[in-house]
1. Which residue, Leu72, Leu293, Leu252, has the most motion in a Gaussian network model of the chain that connects Cα atoms within less than 10 Å?
2. Residues of the chain: accessible area per residue at 1.4 Å, in Å²?
3. Determine which lysines satisfy two conditions relative to Lys261: a Cα distance under 28 Å, and not lying fewer than 8 residues away in the same chain.
4. Of the accessible area of segment 332-374, with the probe set at 1.4 angstrom, what percent is carbon plus sulfur?
5. Where both partners of a DSSP beta bridge lie in segment 1-160, what percent of those bridges are antiparallel, to the nearest 5?
6. Assuming R0 = 22 Å, can you tell me the calculated FRET efficiency for the pair Ala376 and Asp273, based on Cβ-Cβ distance, to the nearest 0.05?
7. Could you order Val63, Val289, Val372, Val201 so the one with the most accessible surface comes first? Probe is 1.4 Å.
8. Please report the antiparallel percentage of the DSSP beta bridges confined to the chain, to the nearest 5.
Amino acid sequence: MVPRKRVAVVGVGTMGSQAAWRLAARGAEVVGFDRFAPGHDRSAAGGETRIFRSAHFEDSRYVPLLKHADTLWRRLQDESGRELRRLTGCLLMGPAEHQQMRTVLESIAEHGLEHEVLDADALAKRLPQFRLEDGDAAVLDRNAGYVRPELTVVTAAREAERLGARIHRYTPVREIVPAGGGVDVRTDEGAERFDAVVVTVGPWVNELLPGLPWEVDVRRLINAWYVPTSDAWSGAERPAFIRTAPTHCYGLPSPDGISVKLGLSRALHRPVDDPNQVDRTVRPEELEVFTGLLRRYLPDLNPDPIRLSVFMEGYTDSSRPLVGPLPGASNVVLLAGFSGHGFKLSPAMGDIAADLALTGTTDQPIDFLSTVGRAAA
């Protein structure tokens, strides 16, 4: 009998919980390590909701991966019996000639995605809470909506444990060292050897892997929640939304219907020097850009937020994540730098990590994301 592979998952959050689930489902001996515990809000997985969408602004090559993620979202819900995702649609808005809006329409046409194009009159009648400007386009991605990040991470980790995985909570990993055909994972409790290691530590990647040949820019992002002042936000159709320009932002109505969550893009996030010391206080001047967006595009939201939260995300220069083995260490699989786009892809990325850790290859189309032969981030 061929012995089971022992695989460590370092960081059991957005990507790591999914990797642990997929590895355990394939019969691997899985051991997870997390400096906090699955479902914590110290990184990027908090905030109650994250957007799932099928159409992609940045690169149509993501669409096959999103379709694979869609299948696995359904599987994780079926296996766990928990509602982790709800498809309410996602409204994509911006100047019609903006590159991201052109890419969305190209990806929709290339992959035959279910969608609707809405002009200003149709949008005003159907979704009056949103404002378009002259020259704007609006596309409703039908196979889209929101996922519940904290519940998803906890659920995927619990499913992994149900299948035999062990997770060491509140156990930060200090070092990962390839040794003797395996990999040593070192914590304050000592070292343990594995056949392969999946590294999914989010904003702590530069700290754990200081010699990483690619830069991951860690940023501090703010989410703010606002109360609607009209009935438009409580209608039957309450899609998530993204605006591309002139200020890139996104939003999601809260599942309870009480508020609307708003977030901004990378350019408006402050850099983080030390993820262990991130400033979690939001100052009034940091809300000015939110207030301007509400006044211009979302006037039915009260301008004073009822809730504020700070999270961290890792970005690469290309906004394409790093997916694959570390140079010179084929049994160390890295998932990092998802640039705010990772959560919707997370089940697919967990499955790809399992492929790479167990067989060294994957059938999923990740050439444009792969670390193999990659010169720049």
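1. Greatest mean-square fluctuation among the candidates belongs to Leu293.
2. Working: 15490 Å² over 377 residues.
Counting only protein heavy atoms, the per-residue value for the chain is 41 Å².
3. Of all the lysines, those that pass the test against Lys261 - Cα under 28 Å, at least 8 places apart if same chain - are Lys67, Lys125, Lys344.
4. Details: 540 of 1200 Å².
Exposed carbon and sulfur together represent 45 percent of the surface.
5. Values: 15 of 20 bridges.
Around 75 percent of the beta bridges assigned by DSSP in segment 1-160 are antiparallel ones.
6. On the way: r = 22 Å, r/R0 = 1.02.
Calculated transfer efficiency: 0.50.
7. On the way: Val63 0, Val289 50, Val372 110, Val201 25 Å².
The ordering from most to least exposed comes out as Val372, Val289, Val201, Val63.
8. So the antiparallel bridges amount to about 75 percent of the total.
The values are calculated or read from the model by the stated rules, or taken from the named source; none is laboratory data. Treat the numbers as computed from the prediction; the structure is a model and nothing was measured. Glycine gets a Cβ as well: all are built from the backbone with ideal geometry, and neighbour counts include every protein chain shown. Areas reflect the complete protein model, heavy atoms only, side chains present, ligands, DNA and RNA absent. Shrake-Rupley method; radii C 1.70, N 1.55, O 1.52, S 1.80 Å.
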